[in-house]
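The block underneath contains the structure these notes are about, expressed in structure tokens.
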Amino acid sequence: MKLIPIGFGSYVSAGRIIAAVAPESNPIKRVVTQAREAGRLVDATYGRRTETVLVMDSGHVILCPVGPEALAARIGPEGGDGDDE
């Protein structure tokens, strides 16, 4: 399990991320709203601007203050599927 930093001391498991997308489109805004209503939204922005929306395999949605390109660089070329235990 590889944990990647998503900002302000918060980490997520790289292997559980399905998508890392920009928050500007209406479909993504809808996903965020539905997750909030269902109690599956995690806001890890600490009041900052949301740069990335992470969709997790558990159905949770995480708001992240770090851009998608920066997160991809933190995950690295091997992705999040490797066993780093």
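Contact list please: Cβ distance under 7 Å, first residue in segment 20-37 and on the phi < 0 side of the Ramachandran plot and in contact (Cβ under 8 Å) with a residue 40 or more places away in the chain, second residue open to solvent by less than 100 Å² (accessible area, probe 1.4 Å) and among the basic types (Lys, Arg), pairs at least six apart or on different chains.
Partner pairs satisfying both residue conditions: none exist.
Every residue in segment 31-59 that is surrounded by fewer than 12 Cβ atoms within 10 Å (Cβ to Cβ) and either of a type in the set (Val, Ile, Thr) or more than 13 Å from ALA20 (Cα to Cα) (or both), please.
GLU37, ALA38, GLY39, TYR46, GLY47, ARG49, SER58, GLY59
Please go through segment 1-42 and pick out each residue that is part of a helix (DSSP H, G or I), out of contact with any Gly (no Cβ under 9 Å at 6 or more places or on another chain) and not β-branched (Val, Ile, Thr).
ASN26, PRO27, LYS29, ARG30, GLN34, ARG36, GLU37
Go through segment 47-78 and count every residue that is hydroxyl-bearing (Ser, Thr, Tyr) and either in a helix (DSSP H, G or I) or under 11 Å from the mean Cα position of the chain (by Cα) (or both).
2
The values are calculated or read from the model by the stated rules, or taken from the named source; none is laboratory data. Computed from a prediction, not measured in an experiment: that's the story for all the values here. Positions of Cβ are generated from backbone atoms using ideal geometry, with glycine treated the same way; all protein chains shown enter the neighbour counts. For the accessible areas, the whole protein counts, side chains as well, though only heavy atoms, and no ligand, DNA or RNA atoms are used. Shrake-Rupley method; radii C 1.70, N 1.55, O 1.52, S 1.80 Å.
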